[in-house]
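Accompanying notes for the structure given below.
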Amino acid sequence: MGRVSGRSCIVTGAAQGIGRAIGEALLDEGADVCFADINGDKVASVAIANAERAAAGGGRVTSAEVDVTNRLQVRAMIEKTVDAFGKLDVKFNNAGINKPMNFMDVTEDNWNAIMTVNGLGVLIGMQEAARQMIAQGTGGKIVNTASIASRQGFDNVAPYCASKWAVVSLTQSGARDLARHDITVTGFAPGVVATEMWEEVDRDLMSIGAAERPGQAMEEFSAEILKGRVAQPQDITGTTTFLAACDSDYMTGQIVMIDGGMTLV
């Protein structure tokens, strides 16, 4: 049996990148997984593509279209998961966005868009998952995606940094409040990961003059990584599966850095 066999899990932002990798790793370890994303068609295709993986691991797979900032849609996603798998054991609040702007150019619209998805979206996801877990009376795990940007500020992604600091605070606050219900709240903080999101950030940094050529930003960030390379999504999933498994039952309120030694805190 896998480390998370029989556990019902939701992963948001799971149509690609880290979210997809998290969900696939959970399937390999026997979990039932709902891949959720605002891009409904894309995430549905991800679930279909993982049908054989789910069967091989002994679990089940489904998908849900969700805007994590919309409480009713989040509730509907959880209801769909419970209808499919009978319960909810683990909720990954992974969905997030970034739109680089130089510090002095940051607008209210830029700030609000990023903070709403990355901050409010995590709060709503935590609250609604906890409500389901409390109603079940069996405890559960909530896992939030932070970032190296939750540990230090960067000049051309200030709202993103602020939003990820918010994730750390929400993780700690939720851990304190939900411990009495046997619900743990943890998080992980990736560094530079080779995903579609980083490719988009790379293009945005070029558009604001923070980089002159494709790949420059990633190269410059990578120079600070002690492991000497950027991460692949699969470098993250050993930790995320651990946070979903009983191995981490005595952990709560903590953020695990997974950045190859880029930020030593």
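Observations on the model:
- Which listed residue is of a type outside the set (A, V, I, L, M, F, W, C), within 19 Å of Gly260 (Cα to Cα), assigned to a helix (DSSP H, G or I) and over 14 Å from the mean Cα position of the chain (by Cα), from Glu220, Glu224: Glu220
- Residue tally, condition in a loop (DSSP other than H, G, I, E, B) and touching a residue at least 12 places away in the same chain (Cβ under 8 Å), over the range 71-116: 14
- Taking every residue in the range 28-52 that is more than 17 Å from Ile18 (Cβ to Cβ) and pairing it with any residue that is assigned to a helix (DSSP H, G or I), at least 6 positions away or on another chain, the pairs with Cβ-Cβ distances below 7 Å are Gly30/Gly57; Asp32/Phe85.
- In the range 126-171, the qualifying residues are those that are of a type in the set (Val, Ile, Thr) and surrounded by fewer than 20 Cβ atoms within 10 Å (Cβ to Cβ), and the one that is nearest to Thr12 (Cα to Cα) is Val168.
- Those residues of the range 144-170 which are of a type outside the set (A, V, I, L, M), in contact with a strand residue (DSSP E or B) (Cβ under 9 Å, 6 or more places away or on another chain) and in a loop (DSSP other than H, G, I, E, B), in sequence order: Ser147, Arg151
- Residue in the range 185-198 that is modelled with pLDDT of 95 or more, among the hydrophobic types (A, V, I, L, M, F, W, C) and out of contact with any Gly (no Cβ under 9 Å at 6 or more places or on another chain) present: yes
- Residues (closer than 18 Å to Ile18 by Cα and among the polar types (S, T, N, Q)) located in the range 233-265: Gln234, Thr237, Thr239, Thr240, Thr241
- Sole residue being part of a helix (DSSP H, G or I) and within 16 Å of the chain's Cα centre (by Cα), chosen from Met133, Met126: Met126
- For Lys141, the conditions (1) assigned to a strand (DSSP E or B); (2) out of contact with any helix residue (DSSP H, G or I) (no Cβ under 7 Å at 6 or more places or on another chain) all hold with the exception of (2).
- Of the criteria (1) surrounded by fewer than 23 Cβ atoms within 10 Å (Cβ to Cβ); (2) closer than 21 Å to Ala129 by Cα; (3) hydroxyl-bearing (Ser, Thr, Tyr); (4) within 20 Å of the chain's Cα centre (by Cα), which one Ser45 fails: (2)
- If the condition is being of a type in the set (A, V, I, L, M) and in contact with a Ser or Thr (Cβ under 8 Å, 6 or more places away or on another chain), then the range 50-76 contributes Ala64, Val66, Val68.
- Meets criteria (assigned to a loop (DSSP other than H, G, I, E, B), under 18 Å from the mean Cα position of the chain (by Cα), within 21 Å of Met126 (Cα to Cα) and not polar (S, T, N, Q)) for Val33: no
- Failed criterion for Ala95 (all others in (1) over 30 Å from Gly153 (Cβ atoms); (2) within 18 Å of the chain's Cα centre (by Cα); (3) of a type in the set (A, V, I, L, M, F, W, C) hold): (1)
- In this structure, Gly238 does satisfy being assigned to a helix (DSSP H, G or I), under 17 Å from the mean Cα position of the chain (by Cα) and exposed (fewer than 14 other Cβ atoms within 10 Å of the Cβ).
- Within the range 243-252, the set of residues being touching a residue at least 24 places away in the same chain (Cβ under 8 Å) and surrounded by fewer than 19 Cβ atoms within 10 Å (Cβ to Cβ) comprises Cys246, Asp247, Ser248, Asp249, Met251.
The values are calculated or read from the model by the stated rules, or taken from the named source; none is laboratory data. If you're wondering where the values come from, they're calculated on a predicted model, not measured in any experiment. Glycine also receives a Cβ, built like all others from the backbone with ideal geometry; neighbour counts cover every protein chain displayed.
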